[in-house]
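The structure appears below as structure tokens.
The values are calculated or read from the model by the stated rules, or taken from the named source; none is laboratory data. Everything numeric here is computed off the predicted structure, so don't read it as measured data. Virtual Cβ from ideal backbone geometry, glycine too; neighbours counted across all protein chains shown. Each accessible area value is taken on the protein alone, full model and side chains, heavy atoms only, with ligands, DNA and RNA left out. Shrake-Rupley method; radii C 1.70, N 1.55, O 1.52, S 1.80 Å.
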Amino acid sequence: MALPSFNWWGKGSHKGTPVVVTMENPNWSMVELEAPSESDFQTSTVTQEKARGKNAKQLTWVLLLKAHRAAGCLTSVASTLFSLGSTIRRRVISGQTDNNDSTPSTENKTVKTRFYNCIKAFLWLSLLLLGFEIAAYFKGWHFGAPKLQLQYIFTAPFGVRDLFDGLYTRWVLIRVGYLAPPLQFLANVCIILFIVQSLDRLVLCLGCFWIRFKKIKPIPKQDAIVDLEENGFFPMVLVQIPMCNEKEVYQQSIAAVCNLDWPKSKILIQILDDSDEPTTQLLIKEEVHKWQQEGARIVYRHRVIRDGYKAGNLKSGMSYSYVKEYEFVAIFDADFQPAPDFLKRTIPHFKDNEDVGLVQARWSFVNKDENLLTRLQNVNLSFHFEVEQQVNGVFINFFGFNGTAGVWRIKALEESGGWLERTTVEDMDIAVRAHLLGWKFVFINDVEV
């Protein structure tokens with residue numbers, strides 16, 4: 001069978017539009033790339049040779065254009081990396097890691113300089129060892145077990161190997177004798193921790209499946225619901241919103257807590273503002289004043305000295321004398337907006353359960369479908385709430401307080417020592433101390449904030 005002819009493309013009539021390409025190089029102002037014309041498709045040998053020459057010339061110009069753009073990109077990347085390296089070098093030499101030069105430093109400059117000198121020494125050592133590794137790779141240095149003996153190194157003639165051979169061989173011996181054993185030990189520890197964590201995740205997933213299969217969930221006692229709906233029993237609840245420079249979300253959070261479905265005489269809202277921006281302070285004060293005029297029991301508290309950050313802010317809110325009149329405290333961060341029935345769905349779990357110290361609700365997110373990052377974060381946090389906290393709450397009555405969207409029994413906080421500024425994870429700190437004293441926690445998966 002004869003091969004098909006490919007001369008069909010030259011039989012038709014073709015007409016093209018010139019393409020103009022502007023180049024950034026001042027020496028090349030403009031290049032015109034013409035499309036094939038009718039004369040380019042003649043079947044004669046001479047015409048085909050001319051067409052080939054023109055196509056090759058056009059391809060050359062296109063390649064030159066691509067090379068010009070690539071060279072410009074590489075030049076900009078190189079200049080950026082060079083400037084970044086110069087900045088890092090100047091900062092390391094000067095011993096500065098931030099731009100806060102106006103803040104007086106109480107650190108010992110001698111210790112700080114020695115610390116940076118150690119970092120630079122280890123950095124140069126790492127680069128030197130990396131150079132040895134690269135040289136060994138390209139030169140093909142492969143040492144077997146018999147050659148890694150001290151007798152072979154010190155008795156072999158020095159002329160057989162150059163200086164780099166000897167240094168690299170000694171470096172391999174150091175790695176085998178001193179670095180490999182601790183690294184192998186750490187690798188084994190990591191493997192053990194991975195197995196333990198995997199077993200923990202497996203047990204949690206099995207517990208979650210069991211909860212779903214048996215439809216287990218914390219249900220308040222019936223008389224507690226009757227007391228709220230019929231007898232009008234509403235305990236005193238303190239609501240705290242700690243915030244700091246939250247000018248984007250303060251209106252939504254304040255409006256949400258002021259609209260909680262709870263008797264006005266049985267609830268007090270504290271806005272614990274740690275903002276250091278005068279404009280933000282003024283805006284929050286005006287918002288609080290607006291809700292006060294509408295009848296909400298809400299107060300504004302501002303600290304001049306922000307000791308302890310959030311833990312210190314919450315501690316200062318609990319230090320007022322009127323707090324003794326309240327039995328529970330609900331805590332919400334500035335970017336949380338509870339539903340109006342939040343208290344009615346959480347407070348009943350404390351009724352006739354004197355050992356319950358915390359009722360924790362689940363988080364919800366308004367931008368979980370915005371992009372890939374928010375979707376991945378939603379998957380991660382959903383596992384934390386759906387599996388970890390729900391299973392631990394059902395089976396062992398303990399989990400870490402999330403720092404927001406929860407209701408504490410004030411007695412449990414006081415007996416546990418209250419909020420401490422010794423750590424930035426004050427939520428887990430207070431949860432562990434309360435659990436060690438025998439307080440139980442309840443996680444409600446179907447109440448979202």
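If the chain linking Ser83 and Ser126 were pulled fully straight, counting 0.36 nm for each residue of separation and taking away their Cα-Cα distance, it would gain 13.2 nm. Rolled with a 1.4 Å probe across the full set of protein chains, the surface gives Ile225 an accessible area near 50 Å². Mean sequence separation of contacting Cα pairs (under 8 Å, at least six apart), scaled by the length of the range 250-366, corresponds to a relative contact order of 37 percent. Extending 7 Å from Cα along the Cβ direction at Val425 and again at Asn371 yields two label points whose distance is 2.8 nm. A 1.4 Å probe run over the protein chains yields, for the range 317-449, 46 Å² of accessible area per residue, whole-number rounding.
Between Phe185 and Asn380, the simple spin-label model (points 7 angstrom out along Cα→Cβ) gives 3.2 nm. Per-residue SASA remark: Phe115, around 120 Å² accessible (1.4 Å probe; ligands, DNA and RNA not included). To put it simply, the accessible area of the range 222-448 at a 1.4 Å probe is 52 percent carbon and sulfur.
3J(HN,Hα) along the range 347-361, derived from phi through the Karplus expression 6.51 cos²θ - 1.76 cosθ + 1.60 where θ = phi - 60°, amounts to 4, x, 5, 7, 5, 6, 10, 5, 8, 7, x, 8, 10, 10, 9 Hz, with x in place of Gly and Pro. Translational diffusion coefficient of the range 273-389 (Stokes-Einstein, Kirkwood radius from Cα pairs, 20 °C, 1.002 mPa s): 121 µm²/s. Each Cα pair under 8 Å and six or more residues apart adds its sequence gap; the mean of these over the residue count of the range 222-448 is a relative contact order of 25 percent. In whole percents, the pair-distance distribution calculated for the range 353-423 from its alpha-carbon pairs, binned every 5 Å from zero, is 3, 13, 20, 20, 16, 13, 8, 5, 1.
Lys and Arg at +1, Asp and Glu at -1: add these up for the other residues within a Cβ distance under 11 Å of Glu415 and post the number.
Local charge sum for Glu415: +2.
Among Asp333, Asp273, the order of accessible area from largest down is Asp333, Asp273, computed with a 1.4 Å probe on protein heavy atoms.
Across the range 172-267, the fraction of Cα-Cα pairs farther apart than 19 Å, rounded to a whole number, is 74%. Remark: the Ile216-Lys411 segment gains 67.4 nm on full extension, using 0.36 nm per residue and subtracting the alpha carbon distance. Using the alpha-carbon positions of the range 309-449, Rg (one decimal) and Dmax (whole number) come out as 15.2, 48 Å.
Rolled with a 1.4 Å probe across the full set of protein chains, the surface gives Phe401 an accessible area near 10 Å².
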